[in-house]
1. So, of the residues in segment 1-21 that are of a type in the set (A, V, I, L, M, F, W, C) and in contact with a strand residue (DSSP E or B) (Cβ under 6 Å, 6 or more places away or on another chain), which turns out to be nearest to S347 (Cα to Cα)?
2. Of all residues in segment 3-55, which are touching a Phe, Trp or Tyr at 6+ places or on another chain (Cβ under 9 Å) and among the hydroxyl-bearing types (S, T, Y)?
3. Go through segment 341-383 and give me each residue that's in contact (Cβ under 8 Å) with a residue 60 or more places away in the chain and among the hydrophobic types (A, V, I, L, M, F, W, C).
4. Out of curiosity, is I337 surrounded by 23 or more Cβ atoms within 10 Å (Cβ to Cβ) and out of contact with any His (no Cβ under 6 Å at 6 or more places or on another chain)?
5. Please indicate, with yes or no, whether at least one residue in segment 154-161 is under 15 Å from A302 (Cα atoms) and outside any strand (DSSP E or B).
6. Quick one: is V123 buried (at least 23 other Cβ atoms within 10 Å of the Cβ), modelled with pLDDT of 95 or more, closer than 19 Å to R28 by Cα and touching a strand residue (DSSP E or B) at 6+ places or on another chain (Cβ under 7 Å)?
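The values are calculated or read from the model by the stated rules, or taken from the named source; none is laboratory data. All figures in this text were calculated on a predicted structure; none of them were measured in a lab. Every residue, glycine among them, receives a Cβ derived from its backbone with ideal geometry; neighbour counts consider all protein chains shown.
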Amino acid sequence: MTIYSIDLDPVSLKLDASVGHIADLTIRDGERLLSPLHRAPWVDDPAAEFPAGTAPNVKRLSGDFLCAPFGRNDIENAPSHGWSANSVWDHVETLRQDDRLTVAFRLQRRVMGATVEKRIMLVAGHPFVYQQHSFTGGAGAISAAHHVMVHMENGGDLTFSPKHGARTPSEALEMDPSRGRSILAYPAQSTDLTEFPLANGGFADLTRYPPGQNHEDFLTLVEAAEVKDARVKDVGVEDTRSEAPVHSLGWTVVSRKAEQDHVIVLKQPGVLPVTMLWMSNGGRNYAPWSGRHAGVLGIEDARASPLGHADSCGENEFTRSGVPTCFDLGSERKIIIRQVIGACAASPRAGKLIDVSEQDGMLIKRFDTGETRSLNYAADYLTG
């Protein structure tokens with residue numbers, strides 16, 4: 001295990017280069033030190049036991065990592081979520097320029113023949129981690145996702161950029177009651193995030209977490225879109241699509257109750273058109289989960305199908321509605337994916353968060369009380 005520390009006030013970050021996971025993230029807001037990301041309880045437990053065949057990404061499950069492909073790896077011989085989440089990243093360079101610090105890493109293994117690089121950038125005075133992954137060369141197609149994990153001691157509220165709706169896959173994560181429990185209906189869908197069908201009747205409000213007790217669930221949110229017949233150019237890739245996002249900034253904000261903070265995840269909706277939510281709330285009984293992995297929400301911004309690499313590369317329920325689920329690789333092509341993670345303290349007087357936008361080099365949070373808060377933010381990072 002090799003840990004790299006990357007620090008530039010107000011952000012302190014540690015990368016577990018043995019698997020490419022963010023092992024720890026601390027963000028200072030005034031006198032408060034915020035810890036927005038989750039680290040599985042068994043990672044630092046020397047007595048932890050793992051069933052045979054447990055993937056490294058589960059053994060060292062932390063913070064955020066790149067999935068390439070997302071989920072089942074049924075084209076290339078590699079563990080679930082790909083070598084990008086399960087093998088070594090080498091440090092390439094550290095660059096300091098003006099108020100910015102950038103640290104670059106390269107995955108030792110290739111993914112579908114492509115070279116994969118990770119660039120983490122911190123900006124002085126910004127409460128954000130700016131993260132870029134790139135695929136150079138290769139052949140075929142690859143799905144990809146960021147696997148951000150947030151822990152909530154006593155739940156919280158969720159706010160999203162405009163979504164077309166939510167849907168669960170054909171089968172629940174836990175079908176065998178002896179191994180675990182899921183509570184959402186499978187398959188199901190809803191255009192109202194406050195009313196998603198439950199397996200036993202009734203509805204779950206997806207804007208509040210958790211929706212129940214002792215459950216393991218998964219669903220996909222699709223960005224709100226408008227019909228377009230023109231070609232749309234994403235960063236590093238060009239597609240013909242029937243639909244394009246109606247907004248330029250994709251976001252998820254977790255307003256944690258006990259922690260009294262806001263965890264912010266930003267994306268390019270045209271590049272990563274879906275947000276998958278993994279609700280891990282004590283619903284798995286077997287090791288290493290053993291009912292102790294609770295209060296965790298995975299926010300997985302992606303260009304992927306939840307059913308794995310092969311499904312992502314073919315026609316599926318998303319592509320049939322104009323939502324791309326993979327990137328096409330090529331010897332003369334470079335795919336670039338950017339994402340931003342941040343956090344700030346919450347004010348009890350501010351009310352409920354209702355909107356996030358960018359303006360004049362700031363990220364603006366708006367609340368239902370009419371209050372706003374501005375955060376230092378490099379707006380050109382996702383739009384440039």
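1. The residue in question is V11.
2. Listed by number, the residues that qualify are Y4, S18.
3. Residues satisfying the conditions are I341, A343, C344, A345, A346, L353, I354, V356, L363, L375, A378, L382.
4. no
5. Among the residues of segment 154-161, at least one is under 15 Å from A302 (Cα atoms) and outside any strand (DSSP E or B), which makes the answer yes.
6. For V123, the condition - buried (at least 23 other Cβ atoms within 10 Å of the Cβ), modelled with pLDDT of 95 or more, closer than 19 Å to R28 by Cα and touching a strand residue (DSSP E or B) at 6+ places or on another chain (Cβ under 7 Å) - is not met.
Results for (1) under 25 Å from S35 (Cα atoms); (2) assigned to a strand (DSSP E or B); (3) without any contact (Cβ under 8 Å) to a residue 40 or more places away in the chain, shown as yes or no for each residue.
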{"position": "D64", "(1), (2), (3)": "yes, no, no"}
{"position": "R72", "(1), (2), (3)": "no, no, no"}
{"position": "E76", "(1), (2), (3)": "no, no, no"}
{"position": "S80", "(1), (2), (3)": "no, no, yes"}
{"position": "L95", "(1), (2), (3)": "no, yes, yes"}
{"position": "V103", "(1), (2), (3)": "yes, yes, no"}
{"position": "T115", "(1), (2), (3)": "no, yes, yes"}
{"position": "I120", "(1), (2), (3)": "yes, yes, no"}
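Every residue, every condition in (1) part of a strand (DSSP E or B); (2) touching a Ser or Thr at 6+ places or on another chain (Cβ under 9 Å); (3) crowded, with 21+ Cβ neighbours inside 10 Å; (4) of a type in the set (A, V, I, L, M), yes or no:
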position	(1), (2), (3), (4)
G342	yes, no, yes, no
G351	no, yes, no, no
V356	yes, yes, yes, yes
L363	yes, yes, yes, yes
S374	yes, no, no, no
